[in-house]
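The values are calculated or read from the model by the stated rules, or taken from the named source; none is laboratory data. All figures in this text were calculated on a predicted structure; none of them were measured in a lab. Cβ atoms come from the backbone with ideal geometry, glycine included; neighbour counts cover every protein chain shown. Just the protein is used for accessible areas: all its heavy atoms, side chains included, with ligands, DNA and RNA removed. Shrake-Rupley method; radii C 1.70, N 1.55, O 1.52, S 1.80 Å.
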Amino acid sequence: MKRWIRIFIISVFAIAAVSLVVIQFYQTRRTFSINDNMFNVGVGNAMDEVIRQLGGNALQPSETPSETFNYQELDSLIVEQLLVNGIDIHPVVGLYNGTERSFLYSSDPQHEQQLEESPYRYSFHPAGVVSTSQFFIILSFPSAQLFLQRNSNLFVYLSFFLVVIIAAMFIISLRAMANQRKLDQMKSEFINNMTHEIKTPLATIGLACEMLRDETISQDSESRKNFIGIINDENQRMRVLVETILQSAKMSNKNFRINPKEVDIHQIIDKVSTSFKLPISNRNGKLTIDLQADPSVVVADELHITNLVYNLIDNGIKYSSEAPDITVSTRIVEGQLELRVSDHGIGISKDDQKHVFEKFYRVSTGNVHNVKGFGIGLNYVAQVVKLHHGHIALESELGQGSTFIVTLPL
Ligand code: ADP
């Protein structure tokens with residue numbers, strides 16, 4: 001998808017989503033305010049009826065209400081009338097003497113302060129009483145219940161829920177688009193790297209063949225051996241490269257099966273390390289082999305285990321900026337075969353350690369860019385370990401080196 005089309009779609013979607021949220025916000029506020037009014041009207045109607053019914057119990061200005069009526073009745077009358085008006089909340093009720101600023105009665109003395117501040121205040125002026133009443137019935141509603149009662153509108157919750165879904169979908173789509181872009185970038189990077197990685201050994205082989213054609217060189221057995229060695233190494237390098245790419249692609253298929261048989265890990269290590277002797281000595285490096293595991297035979301797929309060992313040693317060499325110093329060791333730990341490949345190379349930061357086993361992931365800082373690769377080697381290694389019901393761990397310190405620990409069941 002072209003960049004401008006992507007930006008256009010994201011902008012239109014963002015504007016539409018934001019507008020929808022704003023409209024919904026105002027709509028919800030309007031609904032809240034209508035609900036608020038309806039609630040207040042309901043309480044007002046209920047209290048009109050309460051005061052009308054209390055008319056028979058009329059207070060005389062000289063009397064105090066405590067002598068004339070039963071407060072429990074006042075409470076239940078209010079609750080009953082509130083219910084009739086669709087309000088299912090039990091309020092705190094108070095009877096207030098406005099002149100003396102004191103409560104004659106409150107259903108919950110702890111809430112008198114709230115009662116005094118409550119806007120639900122009704123002049124208690126029953127019909128038939130001539131004087132101006134000093135008394136008020138005051139109601140106070142518990143705030144949480146009040147909120148629910150006012151806003152118990154399914155429509156409000158539903159629209160709020162829909163807005164959340166739209167926002168979530170928007171974020172998911174943006175992430176999917178970003179992932180798609182990243183994948184496209186990784187794909188083109190992968191093709192560039194692959195072209196480079198294959199071209200280089202081909203050029204080296206071509207050059208070595210050219211040299212061997214020269215009779216003066218081909219007759220010198222030492223030089224001939226040297227060039228044949230170069231051809232062999234580059235050939236092996238390309239073989240593993242192509243193998244890793246092919247096997248990694250194959251492994252993505254759910255039906256992929258390994259071909260296990262009894263193999264001696266030590267023999268595999270010996271074979272692989274031989275092919276690294278020349279490249280390591282060319283860089284004045286050192287490869288230490290310390291094989292302690294006994295027994296060293298596991299049931300495994302020889303091809304994949306060979307590629308696994310090759311990839312780990314190859315990485316150790318690739319990611320050593322100085323002369324490579326690689327150690328490959330095996331031992332038996334808790335009835336399992338443990339293979340360790342350590343180097344004293346550039347190391348991997350804690351953050352990157354979490355990602356290096358992901359497909360196409362490459363550490364993209366410092367001089368690592370100078371090292372060519374595809375970011376599939378470690379992913380392939382991890383898949384091979386998983387298919388063998390083993391375990392892989394990484395211990396690494398930036399600038400100090402890395403150790404890959406593969407554990408395989410015997
Ligand atoms: P690549 O083809 O890039 O080497 P890998 O999957 O083998 O791909 O490795 C992924 C990344 O992990 C590499 O790009 C590199 O940054 C880092 N890495 C792998 N092995 C080592 C190591 N031994 N030392 C330091 N970094 C390593």
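Residues whose amide H falls under 5 Å from that of ASP325, counting only those 5 or more places apart or on a different chain, are LYS286, HIS344, with hydrogens built in the peptide plane. Ranking THR31, THR204 by solvent-accessible area of protein heavy atoms (1.4 Å probe, all protein chains present), from largest to smallest, gives THR204, THR31.
Accessible area of LEU202 (1.4 Å probe, protein heavy atoms only, ligands and nucleic acids ignored): about 100 Å². Between region 327-346 and region 197-250, how many Å separate their Cα centres? With region 327-346 and region 197-250 each reduced to a Cα centre, they are spaced 30 Å.
Could you work out the equivalent-ellipsoid semi-axes for the chain, taking the square root of 5 times each eigenvalue of the Cα gyration tensor, largest first, in whole Å?
On the way: eigenvalues 1505, 130, 61 Å².
One finds semi-axes of 87, 25, 17 Å for the chain.
Counting only heavy atoms of the protein chains and using a 1.4 Å probe, MET186 has close to 40 Å² of accessible surface. Applying the Karplus relation 6.51 cos²θ - 1.76 cosθ + 1.60 with θ = phi - 60° to region 234-248 yields 3J(HN,Hα) values of 5, 5, 5, 4, 5, 4, 5, 4, 5, 4, 4, 5, 5, 5, 4 Hz, where x marks Gly and Pro.
The solvent-accessible area of ASP325, taken with every protein chain present and a 1.4 Å probe, is close to 40 Å². Per residue, the chain exposes an accessible area of 59 Å² to a 1.4 Å probe, with every protein chain left in place.
In this structure, the amide hydrogen of ILE289, modeled 1.01 Å from its nitrogen in the peptide plane, lies closer than 5 angstrom to those of VAL328, counting only residues at least 5 positions away or on a different chain.
At a 1.4 Å probe radius, which order do ASP352, ASP270 fall into by accessible area, largest first? All intermediate terms of the calculation are to be shown ahead of the outcome.
Numbers: ASP352 30, ASP270 80 Å².
Correct descending sequence by accessible area is ASP270, ASP352.
What percent does the relative contact order of region 329-389 come to when contacts are Cα pairs within less than 8 Å and at least six residues apart?
On the way: 37 pairs, mean separation 14.1, N = 61.
After rounding, I find 23 percent.
Our coupling estimate for region 201-208, obtained by passing each phi through the Karplus curve with A = 6.51, B = -1.76, C = 1.60 and θ = phi - 60°, is x, 4, 5, 5, 4, x, 5, 5 Hz, Gly and Pro reported as x.
The accessible-area ordering, largest first, of the residues HIS111, HIS266 stands as HIS111, HIS266, per a 1.4 angstrom probe. Using 19 Å as the Cα-Cα cut-off, could you pick out the over-long pairs in LYS318/LYS372; LYS359/LYS386; LYS225/LYS277; LYS318/LYS386; LYS250/LYS386? Exceeds cut-off: LYS318/LYS386.
Only helices enter the 222 nm calculation for the chain: every DSSP H run of n ≥ 4 contributes -39,500 (n - 2.57), and dividing by all residues gives -19000 deg cm²/dmol, rounded to 500.
Expressed as a whole percent, the accessible surface of region 159-204 that belongs to carbon and sulfur atoms is 70, based on a 1.4 Å probe. Couplings 3J(HN,Hα) of region 215-228, computed from phi: 5, 4, 7, 5, 7, 7, 5, 5, 5, 4, 4, 4, 5, 5 Hz, in residue order, whole Hz [Karplus 6.51 cos²θ - 1.76 cosθ + 1.60, θ = phi - 60°; x for Gly and Pro]. Taking the DSSP bridge list for region 257-409 and keeping only pairs wholly inside it, about 80 percent are antiparallel. The trypsin sites (Lys or Arg not before Pro) found in region 283-334 that occupy coil by DSSP, while having at most 14 further C-beta atoms within 10 Å, are ARG283. Under a 5 Å amide H cut-off, with hydrogens placed 1.01 Å from N, ILE376 pairs with PHE360 among residues at least 5 apart or on other chains. For the chain, the relative contact order works out to 11 percent when only alpha carbon pairs closer than 8 Å and six or more residues apart are counted.
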